[in-house]
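The values are calculated or read from the model by the stated rules, or taken from the named source; none is laboratory data. Here the structure is a predicted model, which is why all the values come from computation and not from measurement. With ideal geometry, Cβ positions are generated from the backbone for all residues, glycine too; neighbour counts draw on all protein chains shown. We work out accessible area using only protein heavy atoms, side chains counted, and drop any ligands, DNA or RNA first. Shrake-Rupley method; radii C 1.70, N 1.55, O 1.52, S 1.80 Å.
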Amino acid sequence: MSDILTVPRTRTIGPFDVGALAYGCWRFAGTKLEDARAKVGAALEVGANLLDTAAIYGFGETGFGEAEERLGDLFAADPGLRERVVLVTKGGIVPPEPYDSRAPELIASAEASLKRLKVDVIDVFLVHRPDLLVSHEEVAGALTDLRARGVVQEVGVSNFTPAQTRALQRFLDFPMVVTQPEISVTETSALFDGTLDLAQEVGLTPMAWSPLGGGALMTGDGPVAVELDRIGGGDRAAAALAWLMAHPARPIPILGSQNPDRIRAAAAAYDIQMTRRDWYAVLEASLGHPMP
Ligand SMILES: NC(=O)c1ccc[n+]([C@@H]2O[C@H](COP(=O)([O-])OP(=O)(O)OC[C@H]3O[C@@H](n4cnc5c(N)ncnc54)[C@H](OP(=O)(O)O)[C@@H]3O)[C@@H](O)[C@H]2O)c1
């Protein structure tokens, strides 16, 4: 039996067929139309048809809602594009609260996203972070309303613990489809805190945010970097993405680069030949000790 870990190039999220890589728009605010077209075009070239954004993206730079506006401009300019992508956005982070997932606010947030994105429907709407002051029942009521009225097609959560995810699901009469935690070779909590186990148990697709540690992974030269460079033949980013995708919960790394060449280069992750031992060697380097 081969020891090489295989990585399927596609995934299914509810009714949607998506690539095993996604493209993220956190750093997208201020992007000019031509640049937006180049970035999203590069993402589609590598099969990353799942686009991730959020109402808050742009806050602190060009403004709340700005990243959605810029993506919306691209949808308006390139009419065929909307049908080629699966669109994820999020609501519930409202500075300086910091969170507000009360039902009217969450509903208003999704409706405002729809306008900024200039689309008819949000494919997958995520609660961006748990609002500790709102009951799971109330959040579920808002998500149910949005889905029933066709504002959103499917829903999910981001940065929720497994217990929070389960509690919210308890009040929904349809299954959530996505959980979006931070996961990378340097942030491995989701592998151990039940997030990726619950995903497999109930059929949630994990989307991994900051899959390169927000870029920090690309500059260090510690033990993790050494292992990744060895496995990737010098292509550290590809090895880090392949490591994530090899997990059996099948996390989808959300590419965050604003550089079309780097976005395209991510496709090399599909061709990384990683053994089971390689995978554990990266984890051990990250944890700083051998597996028990
Ligand atoms: N749900 C949440 O709470 C949450 C939080 C954070 C992010 N996210 C999502 O996750 C997405 C990705 O996050 P992220 O931007 O932190 O991802 P990332 O891929 O970990 O980091 C991207 C950063 O790494 C830099 N980088 C340096 N060398 C690179 C290389 N060789 N290849 C690729 N990138 C390199 C990029 O710079 P260049 O642009 O110059 O290439 C960019 O600044 C976001 O866009 C957003 O959609 C979600």
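Odds and ends about this structure:
- Of the criteria (1) basic (Lys, Arg); (2) surrounded by fewer than 20 Cβ atoms within 10 Å (Cβ to Cβ); (3) more than 23 Å from residue 41 (Cβ to Cβ), which one residue 236 fails: (2)
- The residue pairs whose first member lies in region 110-133 and is in contact (Cβ under 8 Å) with a residue 12 or more places away in the chain, whose second member is in a loop (DSSP other than H, G, I, E, B) and of a type in the set (Ser, Thr, Tyr), and whose beta carbons are closer than 7 Å, counting only pairs six or more residues apart or on different chains, are 127/101; 131/101.
- Among the residues of region 212-244, the ones that are outside any helix (DSSP H, G or I), among the charged types (D, E, K, R) and away from the ligand (no atom under 11 Å from the Cβ) come to 1 in all.
- Of all the residues in region 195-209, those that are open to solvent by less than 20 Å² (accessible area, probe 1.4 Å) and within 13 Å of the ligand (Cβ to nearest atom) number 4.
- Residue 229 passes every criterion in (1) surrounded by 13 or more Cβ atoms within 10 Å (Cβ to Cβ); (2) touching a residue at least 60 places away in the same chain (Cβ under 8 Å); (3) among the acidic types (Asp, Glu) apart from (2).
- Scan of region 58-74 for residues that are open to solvent by 10 Å² or more (accessible area, probe 1.4 Å) and either within 13 Å of residue 41 (Cβ to Cβ) or hydrophobic (A, V, I, L, M, F, W, C) (or both), ordered by number: 59, 64
- Subset of region 76-111 (residues that are of a type in the set (Asp, Glu) and either touching a helix residue (DSSP H, G or I) at 6+ places or on another chain (Cβ under 7 Å) or more than 16 Å from the ligand (Cβ to nearest atom) (or both)): 78, 83, 105, 111
- Among (1) within 14 Å of the ligand (Cβ to nearest atom); (2) more than 22 Å from residue 128 (Cβ to Cβ); (3) surrounded by fewer than 22 Cβ atoms within 10 Å (Cβ to Cβ) - the single one residue 247 does not satisfy: (1)
- Search result, residues across region 112-134 that are open to solvent by less than 60 Å² (accessible area, probe 1.4 Å) and more than 16 Å from the ligand (Cβ to nearest atom): 112, 114, 119, 121, 134
- Under the condition of being surrounded by 14 or more Cβ atoms within 10 Å (Cβ to Cβ), closer than 21 Å to residue 117 by Cα and aliphatic (A, V, I, L, M), the residues counted in region 14-39 number 5.
- Of the residues making up region 177-194, those that are surrounded by fewer than 22 Cβ atoms within 10 Å (Cβ to Cβ) and among the polar types (S, T, N, Q) number 3.
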